[in-house]
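Structure first, then comments.
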Amino acid sequence: MEHSGFNELKLSKDIQKAITDMGFEEATPIQAQSIPLMLEGKDVIGQAQTGTGKTAAFGIAAIEKVDPKNLSVQAVILCPTRELAIQVSEELKKLSKYKRGIEILPVYGGQPIDRQIRALKKGVQIIIGTPGRVMDHMERRTLKLESVKMMVLDEADEMLDMGFREDIEHIMKKIPLERQTILFSATMSRAILDLTKKYQKKPQMIKLEHKEMTVPEVEQFYYEVKSQLKPEVLSRLIDINDIKLSLVFCNTKRRVDELVDILKSRGYLADGLHGDLQQRQRDIVMSKFRKKEIEILVATDVAARGIDVGDIEAVFNYDIPADDENYVHRIGRTARAGKGGRAINFVTGREIYRIRQIQQFTKSRIIPQKIPSVSDIEEIKTNLLLDKVKGIMDTGHLGEYINMVEQLTREDYTTLEVASALLKMVMGERGKEEKVKKDNSFNKKFN
């Protein structure tokens, strides 16, 4: 994937600041190619799959072009489903965080229309909606389109497949001819091309090839986790599976730093990699990771490029990546040189839709898992310990230790008592270590 910096796209300081907050370190190919064209006012056709960053592409352009002093609707973004409308709205609200006076409203069926009407009366510049609900507002005269300068059709092929063509054309005919029309679609069917000929003026075509990517032989799982519980669940999974070397991916630099601090406070050997570190610092961290002086490496996508460590047992997607290809690159860091590996994904709220998208893209299955309880952890750890004991007995070479046990049996202790005492000693020591980690975690969280 070719990427470039957002600072090369001549964006306003407010947008740059919001992008930094969101943790985007580089523009994706669709963003780098389409944003300059959209800012110039040109019509654009973007052929790109979900998960390529197109929402931020048209969202940045729409926010940059809106006049915050004008309270009328200036941009309309049509989406095929309410879920996508909500998702797009949330991303645009993050992008417009420092742009004062810009109001963004999702309109879709299933939500009381009165609430949407009240918001529209107060003044909204960007509408994100499903065709049916947008038409409903138009018929009620609660949505006026005479000031619209930009029209975006997101997932156009899906909207046509769902039978929205007449609705789309009805809406397009009510928008002023002097407008900018943006269309994003995963495929370019004849119906899509008919729409572009009818409603776009000299559109610029941007086509991203949908790469066939080889998904590594990795076991893939996901856990539905509330954001504030992610550190605890991560700790449990590392402990329960006795993972010695793991790579944890976060979407932002800030998130990397926060998680490293939490893990260190819990007693783990952890460090981070992200774009703010100088090359010398990165080299030091990577050297420690290769030597296993660090057991958990927390990184962003940009910093993690080129990581090639053969013994990584698990990759954790602490944050689900926005780009499907990044997901494949991330999980490919484990299961190297014929060894097994696991990819463990943390999903929060509506992010569950991303798991479905990634499964479609990778043509692989990501298996849902239940978060282990404290009692589950103790049971599994006990079983692991007993398995290790069985393994040692099966390999033999116990002569020296048998002599020690025999010395104790001469003092009227049974072999069962000796074995039980040794297990208690081993498990007791381990329990103390766990208590230290939990106490540190408790102090960090509540003090």
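The values are calculated or read from the model by the stated rules, or taken from the named source; none is laboratory data. As the structure is a prediction and not an experimental result, all values here were calculated from the model. So basically every Cβ, Gly included, is an ideal-geometry build from the backbone, and we count neighbours across all protein chains shown.
Quick notes on this one:
- Residues that are more than 10 Å from residue 76 (Cβ to Cβ), among the β-branched types (Val, Ile, Thr) and outside any loop (DSSP other than H, G, I, E, B), drawn from segment 120-169: 168
- Scanning segment 313-330 for residues that are crowded, with 20+ Cβ neighbours inside 10 Å and modelled with pLDDT of 90 or more yields 314, 315, 316, 317, 318, 319, 320.
- Qualifying residue in segment 171-189 (condition: among the hydrophobic types (A, V, I, L, M, F, W, C), under 23 Å from residue 47 (Cβ atoms) and at pLDDT below 90): yes
- Qualifying residue in segment 72-88 (condition: farther than 19 Å from residue 165 by Cα, hydroxyl-bearing (Ser, Thr, Tyr) and surrounded by fewer than 24 Cβ atoms within 10 Å (Cβ to Cβ)): yes
- Among the residues listed as 168, 104, the single one being in contact with a Leu (Cβ under 6 Å, 6 or more places away or on another chain) and either crowded, with 20+ Cβ neighbours inside 10 Å or without any contact (Cβ under 8 Å) to a residue 12 or more places away in the chain (or both): 104
- Neighbours by Cβ (under 6 Å, 6+ apart or cross-chain): first from segment 342-364, more than 13 Å from residue 226 (Cβ to Cβ) and in the same structural domain as residue 224 (by TED's automatic domain parsing); second in a strand (DSSP E or B) and of a type in the set (Ser, Thr, Tyr): 345/222; 355/222
- Filter result for the condition that a residue is out of contact with any helix residue (DSSP H, G or I) (no Cβ under 6 Å at 6 or more places or on another chain), in contact (Cβ under 8 Å) with a residue 40 or more places away in the chain, exposed (fewer than 14 other Cβ atoms within 10 Å of the Cβ) and in the same structural domain as residue 44 (by TED's automatic domain parsing), over 149, 121, 144, 69: 144
- Considering segment 219-253, and only residues there that are more than 13 Å from the chain's Cα centre (by Cα) and of a type in the set (Gly, Ala, Ser), the residue that is surrounded by the most Cβ atoms within 10 Å (Cβ to Cβ) turns out to be 246.
Residues are listed down the side, and each one gets a yes or a no for (1) charged (D, E, K, R); (2) farther than 24 Å from residue 378 by Cβ; (3) modelled with pLDDT under 90:
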{"residue": "225", "(1), (2), (3)": "no, no, no"}
{"residue": "233", "(1), (2), (3)": "no, no, no"}
{"residue": "241", "(1), (2), (3)": "no, no, yes"}
{"residue": "253", "(1), (2), (3)": "yes, yes, yes"}
{"residue": "276", "(1), (2), (3)": "yes, yes, yes"}
{"residue": "283", "(1), (2), (3)": "yes, yes, yes"}
{"residue": "295", "(1), (2), (3)": "yes, no, no"}
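- Filter result for residue 54 (among the charged types (D, E, K, R), crowded, with 20+ Cβ neighbours inside 10 Å and either within 16 Å of residue 9 (Cβ to Cβ) or modelled with pLDDT of 90 or more (or both)): yes
- In segment 90-118, the residues that are more than 22 Å from residue 52 (Cβ to Cβ) and in a helix (DSSP H, G or I): 113, 114, 115, 116, 117, 118
- Residue check for residue 14: closer than 21 Å to residue 256 by Cβ, of a type in the set (Asp, Glu) and either surrounded by fewer than 19 Cβ atoms within 10 Å (Cβ to Cβ) or modelled with pLDDT of 90 or more (or both): no
- Test result for residue 130, within 17 Å of residue 44 (Cβ to Cβ) and not assigned by TED's automatic domain parsing to the domain that holds residue 360: no
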